[in-house]
Amino acid sequence: MTSEKFTVEKVLSIQRWTDNLFSFTMTRPAHFKFSAGQFARIGIMVDGELIVRAYSLVSSPYDEVLEFFSIVVPDGAFTSRLQHLKVDDELYLEKIPYGFLTLARFQQPAPQDLWLLATGTGLAPFLSMLQDFDTWKNYQQIFLVYSVRTAAELAYVDKIQDIHASFGENTPDFHFIPVITRDSNAILHERLPVLIQNGQLEKIAGHAFNLETTHIMLCGNPQMVDDTKEALKQRGLVMNRRGVGNIAVENYW
Ligand code: NAP
């Protein structure tokens, strides 16, 4: 059963961001194709039983390896083991990817301004999208908004700058907007729904949400997703259904 659904892959590298945040890469089998924004199902064998969890891909669809971004869930059966991962350890990878948080789902309005709003490890699918050349080709403005509790949790900042430098040559209008909610000295430190309601997010971006042009994706804390969705609806934006509409979301747990 396991060998029909999963392949066994090898851990290639591990990067620790904080005590409870880390990233890892693993080998990518040739058959494993995915779109930016999708997730994989990864398994670890514990006492002869396979425990499986969903993980968004950080890597681009064109990378040779697969990268993932993880939090250690206190007492979590999976991540409390995963955090002790070492190079050369084996992980199971389900053969097919999943998920609909992809830019292809937006048919109407046509691509113009793209807002990617993440909390915590919800950043992962957006990193994949930003490493896909089509994203830069299709949009005129891209706003990446990344909310974390403390500055130490702002993972991938250097990579975001590198991605912009290498992909965004002809797209000058890229804005990386960090939000640090437990640091009152941070330029933006309120939660995303509040920043939308009080207009601060659009002010700092220098751009307003627009029913006719805006695509907006939310990923991360489920309560953030719900509350932010409501704040955006109050601004006149609508959920994307069957390709039409502004807002697409993914809960992370
Ligand atoms: P988090 O609590 O999700 O916080 C990350 C950011 O989201 C912070 O800026 C936080 O602001 C903000 N936020 C939280 N609730 C919000 C809301 N309702 N509206 C708007 N913004 C909101 O922190 P995390 O470290 O990413 O995750 C925390 C816990 O979630 C973990 O310890 C773990 O137990 C669980 N988790 C589980 C999984 C899983 O797969 N099971 C995955 C990820 C996380 P504030 O500082 O104001 O709270």
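Where a number appears in this text, it was derived from the coordinates with a stated rule and is not lab data. Values in this document were obtained by computation on a predicted structure and should not be read as measured data. All Cβ positions, glycine included, derive from the backbone under ideal geometry; neighbour counts span all protein chains shown.
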Practice problem: Could you state the angle between the C-alpha long axis of helix 222-234 and the longest principal axis of the C-alpha atoms of the chain, as a value from 0 to 90 degrees rounded to the nearest 10? | Solution: 20 degrees
Quiz item: Within the range 1-72, which GluC sites (Glu not before Pro) sit in a loop by DSSP and count at most 16 neighbouring Cβ atoms inside 10 Å?
Solution: GLU64
Exercise. Would you mind getting me the FRET efficiency between ASP88 and ASP134? Use the beta-carbon distance for r and R0 = 41 Å, nearest 0.05.
Key: 0.75
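If you take the square roots of the eigenvalues of the alpha-carbon gyration tensor of the chain and sort them as a ≥ b ≥ c, do you get rounded (a/c under 1.5), prolate (a/b over b/c) or oblate? Let's see the in-between values first.
On the way: a/c = 1.80, a/b = 1.52, b/c = 1.19.
Verdict is prolate for the chain.
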Practice problem: Step through the residues of the range 64-75 one at a time and calculate ³J(HN,Hα) from phi using the Karplus curve (6.51 cos²θ - 1.76 cosθ + 1.60, θ = phi - 60°), rounding each to whole Hz and writing x for Gly and Pro. | Solution: 7, 10, 10, 10, 9, 10, 10, 9, 8, 7, x, 6
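May I ask you to derive the relative contact order of the range 152-214, considering only C-alpha pairs under 8 Å and at least 6 residues apart, and to give it as an integer percent? Working shown, then result.
Values: 26 pairs, mean separation 10.4, N = 63.
Relative contact order comes out at 16 percent.
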Practice problem: Could you go through the range 44-56 in sequence order and give the Karplus-derived ³J(HN,Hα) for each residue, using 6.51 cos²θ - 1.76 cosθ + 1.60 with θ = phi - 60°, rounded to whole Hz, and x for Gly and Pro? | Solution: 10, 8, 10, 6, x, 10, 8, 9, 10, 9, 8, 9, 5
Self-check item: Calculated [θ] (222 nm, deg cm²/dmol) that DSSP helices of n ≥ 4 give over the chain, each run adding -39,500 (n - 2.57)
Solution: -5500 deg cm²/dmol
Quiz item: Hey, what angle do you get for helix 157-167 against the long axis of the chain, alpha-carbon based, 0 to 90 degrees rounded to 10?
Solution: 70 degrees
Practice problem: Sum up the charges of everything whose Cβ sits under 15 Å from the Cβ of ILE177, counting Lys and Arg as +1 and Asp and Glu as -1, but leave ILE177 out. | Solution: -3
Exercise. Hey, can you grab everything whose amide H is under 5 Å from the amide H of TYR146? Only 5+ residues off in sequence or another chain; H modelled, so Pro and N-termini drop out.
Key: ALA118, ILE177, VAL179
Quiz item: Considering amide H positions built from the backbone, and no H for Pro or chain starts, which residues 5 or more places from ASP89, or on another chain, come under 5 Å of its amide H?
Solution: VAL11
Quiz prompt | Loop-located chymotrypsin sites (Phe, Trp or Tyr not before Pro) in the range 78-146, at most 13 other Cβ atoms within 10 Å (DSSP) | solution = PHE100
Exercise. Please count, across the chain, the pairs of lysine residues with Cα atoms under 26 Å apart that sit 8 or more places apart or on different chains.
Key: 18
Quiz item: So how far, in whole Å, is the C-alpha centre of the range 65-92 from the one of the range 186-253?
Solution: 30 Å
Quiz item: For the range 122-231, which GluC sites (Glu not before Pro) are both in a DSSP coil and crowded by at most 13 other Cβ atoms within 10 Å?
Solution: GLU169, GLU212
Self-check item: Distance (nanometres) between label positions extended 7 Å along Cα→Cβ at ILE187 and ASP162
Solution: 2.3 nm
Exercise. Set the Förster distance to 51 Å, then compute FRET efficiency between ARG149 and ALA110 from the Cβ-Cβ distance, nearest 0.05.
Key: 0.90
